[in-house]
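The values are calculated or read from the model by the stated rules, or taken from the named source; none is laboratory data. These numbers come from a predicted model, not from an experiment. Neighbour counts run over all protein chains shown; Cβ positions are idealised from the backbone, glycine included.
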Amino acid sequence: VGDPISSQTPETLRAWLCKQGEQEYRANQILDWIHQKHAANWSDMTNLTELLHHKLFEEFEFSTIKLARKQGSADTTQKFLWRLRDGQFVESVLIPASPSFNGDKSDRRTLCVSTQVGCAYGCKFCASGLDGFKRDLEPSEIIDQVLATERWHKEQECADERLINNLVIMGMGEPLANYDKLMTALEILNAEWGANIGARKITISTSGLAPEIRRLAQQPRQYRLAI
């Protein structure tokens, strides 16, 4: 299995392309197909050559997750169960905005993503820890929850516009217990060349890990915090 394409940066892609004898500007095209156009596969990337399609297929993993089950409908909360490469499962939840108090319709569409398989913290209001902690998610597995949901939306709704404009990190697991990998994922989800979700549109939930809360406060991006 190759490296996940979702966790590549412009720098890593340009370095790889250079080794392949390809033009460096292709990196921006590839990232645009992954994060903005939500290509369903390599061959969807129509401005790339067939040879480059083949090289990408040989080198990179297109997605680290597969949809196992979905529940809910478009006007309600929709739950996605994702199967990971090792057979473990995590969930994401797509939450449409409720009408505001003055009756205006909101276009906010929030995705709640997981950061761990299971959880070591036995919060009574949460079922994530019932089976105990299994492992941290890799940055690509966090990012791919966003990308796979966008691809599902594009396929089901035949829609080209971005679905997700708000992100909450409060799915399975304690986000700050997987701090470093979460920050790597959020850098890509926040980047203009990535998913381009504004930092203030990203909320990280925690049960209250004080050392990591201090680390979060010291990093430059203005993510929101929920305790």
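Residue 137: closer than 22 Å to residue 88 by Cβ, hydrophobic (A, V, I, L, M, F, W, C) and modelled with pLDDT of 95 or more, yes or no? Answer is yes for this residue. Just the residues that are over 21 Å from residue 36 (Cα atoms), over 15 Å from the mean Cα position of the chain (by Cα), at pLDDT 90 or above and not in a loop (DSSP other than H, G, I, E, B), please, taken from the stretch 189-212. Selection gives 205 alone.
Hey, could you check the stretch 17-27 for residues that are farther than 20 Å from residue 185 by Cβ and touching a residue at least 12 places away in the same chain (Cβ under 8 Å) and say which is nearest to the chain's Cα centre (by Cα)? Here the answer is 26. For residues that are of a type in the set (Phe, Trp, Tyr) and surrounded by 15 or more Cβ atoms within 10 Å (Cβ to Cβ), scanning just the stretch 32-87, find the one that is nearest to residue 168 (Cα to Cα). Residue satisfying both the conditions and the ranking: 80. Pairing each residue of the stretch 143-158 that is in the same structural domain as residue 109 (by TED's automatic domain parsing) and crowded, with 20+ Cβ neighbours inside 10 Å with any residue that is assigned to a helix (DSSP H, G or I) and of a type outside the set (Asp, Glu), provided the two are 6+ apart or on different chains, yields C-beta distances under 6 Å for 143/6; 143/185; 143/188; 144/6; 147/6. Restricting attention to the stretch 91-100, the residues being out of contact with any Asp or Glu (no Cβ under 8 Å at 6 or more places or on another chain), of a type outside the set (Gly, Ala, Ser) and either under 17 Å from residue 201 (Cβ atoms) or modelled with pLDDT of 80 or more (or both) number 4. Scanning the stretch 101-117 for residues that are touching a Ser or Thr at 6+ places or on another chain (Cβ under 7 Å) and at pLDDT below 90 yields one hit, 106. Against the numbered list (1) assigned to a loop (DSSP other than H, G, I, E, B); (2) in contact (Cβ under 8 Å) with a residue 40 or more places away in the chain, residue 221 comes up short only at (2). Close Cβ contacts (under 7 Å, 6 or more residues apart or on different chains) running from residues in the stretch 46-66 that are on the phi < 0 side of the Ramachandran plot to residues that are among the small types (Gly, Ala, Ser) and surrounded by fewer than 19 Cβ atoms within 10 Å (Cβ to Cβ) comprise 53/43; 59/2; 60/2; 61/2.
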